[in-house]
Amino acid sequence: MTGSTAAPFTADDYRARMERAARTAADAGLAGLLVAPGPDLVWLTGYTPPAVTERLTLLVLAAGQDPVLVVPALEAPDAHRAAGAAALTLRDWTDGKDPYAATADLLDASGRFGISDNAWALHLLALQQAMPGSSHASLTEALPMLRAVKDAAELDLMAAAGAAADATFEEIRNVPFAGRPESEVAADLDRLLRRHGHEQVDFTIVASGPNGANPHHEAGDRVIARGDMVVLDFGGLRDGYGSDTSRTVHVGEPTDEERRVHDIVREAQEAGFRAVRPGAACQDVDRAAREVIAAAGYGEYFIHRTGHGIGVTTHEPPYMIEGEERPLVPGMCFSVEPGIYLPGRFGVRIEDIVTVTEDGGRRLNTTARELVIVE
Ligand code: ZN
Ligand code: ZN
Ligand code: ZN
């Protein structure tokens, strides 16, 4: 994906985001933010460079200063369009010139700066050489909640991405499972997500039988058989915003134990969802889901956190995990995805994206959470 997304954001939106980012950085004791191409840059400016290379592209934000985008001269035409749309100043540099010295000129030489996590080490090392008195912090660690609270237009895009993932599930439950390798069903998921408007597919997990007990299993050549539980977990970006949903289906009639384990996960997912309300701590969502699974005797088989934030990426803060005491705020979007993983046997995971409203949680995925039987 290059250029701008179809996102309906205006120069005012981007200006407000950049101002808020600079202010939040100052509050966190930072002299500014250095934002490399990637999700933070897209969110702050709408700009995605035509290619990410060894040539420096960097958004420089400091409180009380106009935002400046440092770009290679040969990418100036694209950058000019973005700069116009985002109301920021361009500083282009030609090959042979030192872009790091030019960047240093814009900054407090002894400051501490937040730098985006996906900035190349090449660029950070050169900046440190150009500004020996400066220091750097992870932007995500310093400002974890920067992108967490979505505005109304962003929530519409999140809901549309969720609806597209749900439409994908409604179709995938009708394809044949038995006798086909996992990788074929995964290819179906990829095709369906794109047909429902996704420009980027991040994962298409199809984990059948014992593979379902490994939460990181993607999809392989195992041939799905009658009697298998199959964990499906898929998502990506649609119009620049993320989807991520899991449902666990069964090929043919399940055993009593399979039904029972699925019921426990469904109840845990419901408990996590019900814990969502403004002011609750992120860890409360994890605790609520985990309690149900522990009480049913499967606590040791729930081996990951309950959820993660989602927005212009499919995994980002806030995390629904023990120890995360930050409060839930209306507009946040994150997954609630407990699971039970029985080694060598099968796994179950159920995942919805949930957004925080004034009254509680609202699910952005609404397909059946009951155990779906496939053929
Ligand atoms: Zn079975
Ligand atoms: Zn997922
Ligand atoms: Zn997820």
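For the chain, the longest principal axis of the Cα atoms and the long axis of helix 121-130 meet at an angle of about 30 degrees. Classify the stretch 11-142 from the C-alpha gyration tensor, please: rounded if a/c falls under 1.5, else prolate or oblate depending on whether a/b exceeds b/c. Verdict is oblate for the stretch 11-142.
The mean of 1/r over all pairs of different alpha-carbon atoms in the chain, once inverted, gives a Kirkwood hydrodynamic radius of 22.0 Å.
Go ahead and estimate [θ] at 222 nm for the chain from helices alone: -39,500 (n - 2.57) per DSSP H run with n ≥ 4, summed, over the residue count, rounded to 500. Intermediate results must be reported in sequence, preceding the final value.
On the way: 10 runs with 124 residues, N = 375.
Counting only the DSSP helices, I get -10500 deg cm²/dmol.
With contacts taken as Cα pairs under 8 Å at a separation of at least 6 residues, the stretch 64-149 carries a relative contact order of 25 percent. Amide H contacts of Val374 (H built 1.01 Å from N, in plane; Pro and chain starts excluded): His250, Val251, Gly252 sit under 5 Å, all sequence-distant by 5 or more or on other chains.
Summary of the geometry: the stretch 281-349 and the stretch 159-185, compared by the centres of their Cα atoms, lie 23 Å apart. For the stretch 258-274, backbone phi angles converted through the Karplus equation (6.51, -1.76, 1.60; θ = phi - 60°) give residue-by-residue couplings of 4, 4, 5, 5, 5, 4, 5, 5, 5, 5, 5, 5, 5, 5, x, 4, 5 Hz, Gly and Pro being listed as x.
Local charge sum around Arg195 (other residues, Cβ-Cβ under 13 Å, Lys/Arg +1, Asp/Glu -1)?
Values: positive: Arg191, Arg194, Arg238; negative: Glu170, Glu171, Asp188, Asp190, Glu199.
Cβ neighbours under 13 Å give a net charge of -2.
Looking at the stretch 11-142, the DSSP beta bridges with both ends there are about 35 percent antiparallel.
How high is the relative contact order of the chain, in percent, counting Cα pairs under 8 Å that sit 6 or more residues apart?
Values: 861 pairs, mean separation 55.5, N = 375.
Here the relative contact order equals 15 percent.
Note on Ala225 and Ser183: the extension gain reaches 13.7 nm, defined as 0.36 nm multiplied by sequence separation minus the Cα-Cα distance.
Please report the net charge: other residues with Cβ closer than 10 Å to the Cβ of Asp286, K and R +1, D and E -1. It would help to have the intermediate numbers written out before the result.
Numbers: positive: Arg287, Arg290, Arg305; negative: Asp284, Glu291, Glu322, Glu324.
Local charge sum for Asp286: -1.
The long axis of helix 76-86 is offset from the longest Cα principal axis of the chain by roughly 80 degrees. In sequence order, the stretch 326-332 has phi-based couplings of 4, x, 6, 10, x, x, 5 Hz under the Karplus curve 6.51 cos²θ - 1.76 cosθ + 1.60, θ = phi - 60°, and Gly or Pro positions carry x. Going by neighbour counts of Cβ atoms within 10 Å, the residues Arg345, Arg363 line up, fewest first, as Arg345, Arg363.
Based on DSSP, what percent of beta bridges with both residues in the chain are antiparallel, to the nearest 5?
Approximately 75 percent, going by the DSSP bridge assignments.
Angle of helix 282-295 to the longest C-alpha principal axis of the chain, folded into 0 to 90 degrees and rounded to 10: 20°.
Using a/c under 1.5 as the rounded threshold, could you call the stretch 152-374 rounded, prolate or oblate? The axes a ≥ b ≥ c are square roots of the C-alpha gyration tensor eigenvalues, and prolate needs a/b larger than b/c, oblate otherwise. Oblate is the answer for the stretch 152-374, as a/c is 1.5 or above yet b/c matches or exceeds a/b.
Just order 230-241, 214-225 by mean Cβ neighbour count inside 10 Å, highest at the front, would you?
Working: 230-241: 24.8, 214-225: 15.2.
Top to bottom by mean Cβ count within 10 Å: 230-241, 214-225.
Dipole check for the chain: with +1 at the C-beta of Lys and Arg, -1 at the C-beta of Asp and Glu, and the Cα centre as origin, the magnitude is about 200 Debye. Karplus-derived 3J(HN,Hα) values for the stretch 209-216, using 6.51 cos²θ - 1.76 cosθ + 1.60 with θ = phi - 60°, are x, x, 4, x, 7, 10, x, 9 Hz; glycine and proline are entered as x.
Where a number appears in this text, it was derived from the coordinates with a stated rule and is not lab data. Quick caveat: nothing in here was measured; it's all calculated off a predicted structure. Cβ atoms come from the backbone with ideal geometry, glycine included; neighbour counts cover every protein chain shown.
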